[in-house]
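The values are calculated or read from the model by the stated rules, or taken from the named source; none is laboratory data. Here the structure is a predicted model, which means the values were calculated and not measured. Because the Cβ atoms are built from the backbone with ideal geometry, glycine has one as well, and the counts that use them run over all protein chains shown.
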Amino acid sequence: MTSKLETRDRLTPGAASSALTEWHYSPSLEATDHVKIQPRYNLFIGGKFVEPHSKRWFETINPATEETLSEMAEADAEDVDRAVKEARRAYEKVWRKLPASERAKYIFRIARLIQEKSRGLAVAETMNGGKPIKESRDVDIPLAAAHFFYYAGWADKLEYAFPNRNVSPVGVAGQIIPWNFPLLMAAWKLAPALAAGNTVVLKPAETTSITSLMLAEIIQEADLPPGVVNIVTGAGATGAALVNHPDVDKIAFTGSTDVGKRIQRSLAGTKKKLTLELGGKAPNIVFEDAPIDQAVEGIINGIYFNQGHVCCAGSRLFLQESILEPVVRKLRERIGTLRVGNPLDKNTDVGAINSRAQLEKIQELVDSGTEEGAEIFQSSCSVPDRGFWFRPTFFTGVAASSRIAQEEIFGPVLSVLTFRTPEEAIEKANNTPYGLSAGVWTEKGSRILKMAQKLRAGVIWANTYNKFDPASPFGGYKESGFGREGGLHGLAPYVVLS
Amino acid sequence: MRLNVRKTYKLYINGEFPRTESGRFYAVKGKGGELLANACRGSRKDLRNAVQAARKAFSGWSGKTAFNRGQILYRLAEVCESRAAELVDELRRQGSTAADARREVAALTDRWVYYAGWSDKYPQVFGSVNPVAGPYYNFTVPEPTGVVGVVAPEEPSLLGLVSRIAPAIVGGNVVVAITSESRPLAAITLGEIFETSDVPAGVVNLISGLKTELVPWLAAHMDVNAIDTTGVADVAIAAVQKTAAENVKRVVHFNAGKIGWDDATRSQSPYAIFDFQEMKTVWHPIGM
């Protein structure tokens, strides 16, 4: 699969200059014996785990070992219908009638249970998705709990969020989430929807459904009224059945721009509300006066965090010409020190690629980069024999029109471009149909604010990158989607104002 | 007996009044079927020119201070007031009763005043400083979506148009509007008012013509960021929504319904501004 890249280029100047690649780390493996992954997961509908109407289950694997972890039910249109009916019943009979302060307490309970069970959730997340344990332990799971905690508090305060309006819930929300931050995305979707008084049918991504079903167990344990949250597993067909179900009032989707457009099209002519959080090709812009070592850490974190499976990844690096050489040199050294391998090892910086399909897509785009004449640099680290792996990679000499500068790769691959003036940086950075996020590195305060104003993107990280918080709205401009998740603004998609 | 001078009704693109490049026209008829004017039957090329002009004007208009935009909207109210008789006359020629025409012009003049006042306030209502769990300063500000396509309702042809343009431009957006097909005359005169009220060229562009032709082109244009379907016929809305997905356009629809366009409590609100805003969140570390 990665045969093209297997060539050890330790003698290339970049790799050779990096003495740090020789460092050795003793393995520090996270224990897995305390984690209960069921051999089979059914659908979570009406507060119960039920067999799918299809009577079909599909295997879900550990992408780091290719071993089967469990099997997930494949929900067909009848299962989706059953879930929507339960959600509707729970909405009309229970959830919308419940005093908002009681609704809040259920959501607080869920937050607390996630905290209690955080270690097991982190391990399961890492095993099923391939992300390093230190990320699922320190980022995904704590943020998921924090999201529930944040929105729980909003449930009985909605009238303060929308001045001069009566606030009511939308009804039944159909939510479809991606595989890059499985539990965290479930939290981003569920927490504001529930707080605003909606009931939900959630469809997790087919490669990473385990933690959603563990969340279902938590929801059961929290005594959330049956039907308020329903979870249906499956692939695209399951998602399509949910999107097209006539009794769903709102669709929230996070995923690729392609699928997002398809969903927007299929909702045409319906009364369903829609929010989309789609792809990105974020510029990360470094000025010559930036604190270079911090910027290099920001660049690395911006693109290699979560194997680059991040819609807001800083995948286009714009360096001011005068610092091209030193920054590229530091990048070469730094990616040589990234520890790639077993995601359960607490030392690991870059884990496994989420699936074989994604690995093939990354490889295809990387090949196109080389073919289109860009110069490739890859970490020379060794990777395990089994599982899906891609070495941290960056390209220099990238033409602005090339595919690796235009298309979302969704992997640990960075394109390095240059600029001379701030105006040129803005022009180039904005020259994409996407507009999800952007990074700016400079010591000059007024320039940060000007750049923040001029970059057409929903999240601007200045002298930092890839920071997330439940209180901080997140979402895109242009073809990166519409609607916000997080903060007060994240409530708007789940309410009707009158 | 003096022969009156008739007005040629043209398009309003980039601060100028060109005829449609297509050379086509359509007859605008009065209530009794009499010919009122030959209006431009705008073409796809006219729309493209308008979108291009709007895009060019976006940076300047969105970069103006909120105070300045507020002053310009207020100036629009002043000029509408002083030219009220002309607008009323045109609405009457198009079939409104004198009382309705006067009420419509008064309401749209007040609507400019209402939105003028919002220019430097809605960012405080919709923006926020966000208490994130870490040493970061984090804030959210509304920013204009960009080029907004507005399809004006057939009636009220002028108040409907103003009610949809005002919340878009007060928020820094630029507009390409398709005027009421059956009653475009007063709308085209409104172009003269934009032209003489310090609204920079390209910020508002007005295209008259057949909606069945123009609306699908507007919905499909890849450099239009949002489309307001308020004036799209019910049967055509699904098609517009579908086309809009091609570049993930924001689709906004205002249903005046029973409320009525001159009901100030519901047909004007800061939430209409919010519909054409994107929320931008900025993070910066806090440290010594």
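Residue by residue through the stretch B:97-136, note down the ones that are within 22 Å of B:Ser182 (Cα to Cα), free of Cβ contacts under 8 Å to residues at least 12 places away in the same chain and either within 14 Å of another protein chain (Cβ to nearest Cβ) or in contact with a helix residue (DSSP H, G or I) (Cβ under 7 Å, 6 or more places away or on another chain) (or both).
B:Ala98
Could you grab me the full set of residues in the stretch A:421-437 that are surrounded by fewer than 17 Cβ atoms within 10 Å (Cβ to Cβ) and either basic (Lys, Arg) or farther than 14 Å from A:Gly481 by Cβ (or both)?
A:Thr421, A:Glu423, A:Glu424, A:Glu427, A:Asn431
Suppose we filter A:Gly314, A:Gly269 for residues that are in a loop (DSSP other than H, G, I, E, B) and at positive phi; which single one remains?
A:Gly269
With the condition kept exactly as written, say whether any residue in the stretch A:259-271 is within 18 Å of the chain's Cα centre (by Cα) and closer than 21 Å to A:Met72 by Cβ.
Within the stretch A:259-271 (the criterion being within 18 Å of the chain's Cα centre (by Cα) and closer than 21 Å to A:Met72 by Cβ), the answer is yes, since at least one residue qualifies.
Just the residues that are at the interface with another protein chain (Cβ under 7 Å from one of its Cβ atoms) and in a loop (DSSP other than H, G, I, E, B), please, taken from the stretch A:476-485.
Selection gives A:Tyr477, A:Arg484.
Hey, can you tell me all the residues within the stretch A:286-304 that are within 14 Å of chain B (Cβ to nearest Cβ) and in contact (Cβ under 8 Å) with a residue 60 or more places away in the chain? Working first, answer last.
Taking the stretch A:286-304 as the starting set, the residues that turn out to be within 14 Å of chain B (Cβ to nearest Cβ) are A:290-291, A:294-295, A:297-298, A:301-302.
Across the stretch A:286-304, the qualifying residues are A:Ala290, A:Pro291, A:Gln294, A:Ala295, A:Gly298, A:Asn301, A:Gly302.
Check the stretch A:243-258 and report whether any residue there is crowded, with 24+ Cβ neighbours inside 10 Å, of a type in the set (Gly, Ala, Ser) and in contact with a Gly (Cβ under 7 Å, 6 or more places away or on another chain).
Scanning the stretch A:243-258, I find no residue that is crowded, with 24+ Cβ neighbours inside 10 Å, of a type in the set (Gly, Ala, Ser) and in contact with a Gly (Cβ under 7 Å, 6 or more places away or on another chain), so the answer is no.
Name every residue in the stretch A:20-64 that is within 19 Å of A:Gly120 (Cα to Cα), of a type outside the set (A, V, I, L, M, F, W, C) and buried (at least 18 other Cβ atoms within 10 Å of the Cβ), in order of residue number.
Our first condition is that a residue be within 19 Å of A:Gly120 (Cα to Cα); within the stretch A:20-64, this holds for A:28-41, A:60-64.
Filter once more, keeping what is of a type outside the set (A, V, I, L, M, F, W, C): A:28, A:30, A:32-34, A:36, A:38-41, A:60, A:62-63.
A:Glu30, A:Tyr41, A:Thr60, A:Asn62, A:Pro63 - these are the residues of the stretch A:20-64 that are within 19 Å of A:Gly120 (Cα to Cα), of a type outside the set (A, V, I, L, M, F, W, C) and buried (at least 18 other Cβ atoms within 10 Å of the Cβ).
Yes/no matrix, rows are residues, columns are (1) in contact with a His (Cβ under 6 Å, 6 or more places away or on another chain); (2) more than 15 Å from B:Leu190 (Cα to Cα); (3) of a type outside the set (Gly, Ala, Ser):
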position: B:Thr8; (1), (2), (3): no, no, yes
position: B:Lys31; (1), (2), (3): no, yes, yes
position: B:Arg44; (1), (2), (3): no, yes, yes
position: B:Gln71; (1), (2), (3): no, yes, yes
position: B:Ser96; (1), (2), (3): no, yes, no
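Suppose we keep only residues that are of a type in the set (Gly, Ala, Ser) and touching a residue at least 60 places away in the same chain (Cβ under 8 Å) within the stretch A:32-63. Which one would you say is farthest from A:Lys134 (Cα to Cα)?
The residue in question is A:Gly46.
Out of B:Val199, B:Val232, I need the residue that is more than 11 Å from chain A (Cβ to nearest Cβ), modelled with pLDDT of 95 or more and over 28 Å from A:Pro433 (Cα atoms). Which one?
B:Val199
Only one residue in A:Ser355, A:Ser322 is more than 30 Å from A:Tyr494 (Cβ to Cβ), within 21 Å of the chain's Cα centre (by Cα) and among the hydroxyl-bearing types (Ser, Thr, Tyr), so which one is that?
A:Ser355
Tell me which helices (runs of 4 or more DSSP H) are completely within the stretch A:351-467 and hold 1 or more residues being away from every other protein chain (no Cβ under 14 Å), or say none if there are none. Quick ask: steps written out before the conclusion?
On the way: elements: A:356-371, A:403-406, A:422-430, A:445-454.
Qualifying helices (runs of 4 or more DSSP H): A:356-371, A:403-406, A:422-430.
Starting from residues that are within 21 Å of the chain's Cα centre (by Cα) and aliphatic (A, V, I, L, M), keep the ones in the stretch B:239-254 and report whichever is farthest from the other protein chains (Cβ to nearest Cβ).
Within the stretch B:239-254, the match that is farthest from the other protein chains (Cβ to nearest Cβ) is B:Val252.
Would the stretch B:152-174 turn up any residue that is buried (at least 24 other Cβ atoms within 10 Å of the Cβ), within 9 Å of the chain's Cα centre (by Cα), within 18 Å of B:Asn49 (Cβ to Cβ) and modelled with pLDDT of 95 or more?
Yes, because at least one residue in the stretch B:152-174 is buried (at least 24 other Cβ atoms within 10 Å of the Cβ), within 9 Å of the chain's Cα centre (by Cα), within 18 Å of B:Asn49 (Cβ to Cβ) and modelled with pLDDT of 95 or more.
Got a sec? Which of B:Ile227, B:Ile193 is β-branched (Val, Ile, Thr), assigned to a helix (DSSP H, G or I) and surrounded by 17 or more Cβ atoms within 10 Å (Cβ to Cβ)?
Among B:Ile227, B:Ile193, only B:Ile193 is β-branched (Val, Ile, Thr), assigned to a helix (DSSP H, G or I) and surrounded by 17 or more Cβ atoms within 10 Å (Cβ to Cβ).
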